[in-house]
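This report concerns only the one structure given below.
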Amino acid sequence: MHRFELRVRYADTDQMGWAYYGQYMRWFEIGRAEMMRTLGMSYAEVEKKVGVLLPVLDARCRYFHGARYDEQVTIHTGVLDVTRATLRFGYRIVGEDGTVCALGYTEHCVVNREARPVRPPAALAALLDAAPRADAELVEMFAREP
């Protein structure tokens with residue numbers, strides 16, 4: 001899985017110094033964007049050059065342990081699965097002591113500029129093929145319903 005480190009900012013926390021629960025979704029986005037960038041194409045380039053957008057259809061986060069102000073956390077990101085017009089990314093947020101703070105996923109629809117669902121174009125499909133995969137724990141936890 002791809003790894004990206006960041007430090008919990010004061011603005012990320014609630015009055016008690018714990019990372020506000022909504023920040024985890026923002027961290028998922030950061031992990032996804034940085035993973036794509038390391039594969040050679042930024043999210044902006046996917047939109048401009050490939051001509052597709054990836055709106056979120058579904059998102060889930062399971063919280064296990066809070067991250068604290070000034071703590072360094074690592075965002076682990078990998079592709080869970082890709083279907084005809086959707087893709088899912090899995091995430092793990094880990095605290096600096098190795099404690100799992102949260103696990104989650106986001107599901108995205110591939111759409112053209114007119115917001116019509118399309119299959120991932122070749123450039124995006126190649127990028128996703130090269131992307132690291134989500135690990136077995138995330139695959140098992142967030143398996144698609146039959």
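The values are calculated or read from the model by the stated rules, or taken from the named source; none is laboratory data. What you see is a predicted model, and the numbers here were worked out from it, not measured in a lab. Here the Cβ positions follow ideal geometry from the backbone for every residue, glycine too, while neighbour counts run over all protein chains shown. Remember, those area values only see protein heavy atoms, side chains included, never the ligands or the DNA or RNA. Shrake-Rupley method; radii C 1.70, N 1.55, O 1.52, S 1.80 Å.
Points to keep in mind about this one:
- Any hit, region 8-17, residues being modelled with pLDDT under 95, more than 21 Å from THR106 (Cβ to Cβ) and of a type in the set (S, T, N, Q): yes
- Hits in region 122-141 - residues which are outside any loop (DSSP other than H, G, I, E, B) and either touching a strand residue (DSSP E or B) at 6+ places or on another chain (Cβ under 8 Å) or surrounded by 14 or more Cβ atoms within 10 Å (Cβ to Cβ) (or both): ALA123, LEU124, ALA125, ALA126, LEU127, LEU128, ARG133, GLU137, LEU138, VAL139, MET141
- Meets criteria (more than 20 Å from ASP58 (Cα to Cα) and not aromatic (Phe, Trp, Tyr)) for VAL94: yes
- Looking across region 77-93, the residues that are open to solvent by 20 Å² or more (accessible area, probe 1.4 Å) and of a type outside the set (Ser, Thr, Tyr) come down to LEU80, ASP81, VAL82, ARG84, ALA85, ARG92.
- The residue list ARG113, ARG119, ARG144 contains one member that is under 21 Å from SER42 (Cβ atoms), touching a residue at least 12 places away in the same chain (Cβ under 8 Å), outside any helix (DSSP H, G or I) and open to solvent by 40 Å² or more (accessible area, probe 1.4 Å), which is ARG113.
- Filter result (among the small types (Gly, Ala, Ser) and not in a helix (DSSP H, G or I)) within region 38-56: GLY40, SER42, GLY51
- Set side by side, the residues TYR10, TYR63, TYR21 differ, and just one is within 17 Å of LEU138 (Cα to Cα), open to solvent by 60 Å² or more (accessible area, probe 1.4 Å) and not small (Gly, Ala, Ser), which is TYR63.
- Test result for LEU53, under 17 Å from the mean Cα position of the chain (by Cα) and either under 17 Å from ALA19 (Cα atoms) or surrounded by fewer than 20 Cβ atoms within 10 Å (Cβ to Cβ) (or both): yes
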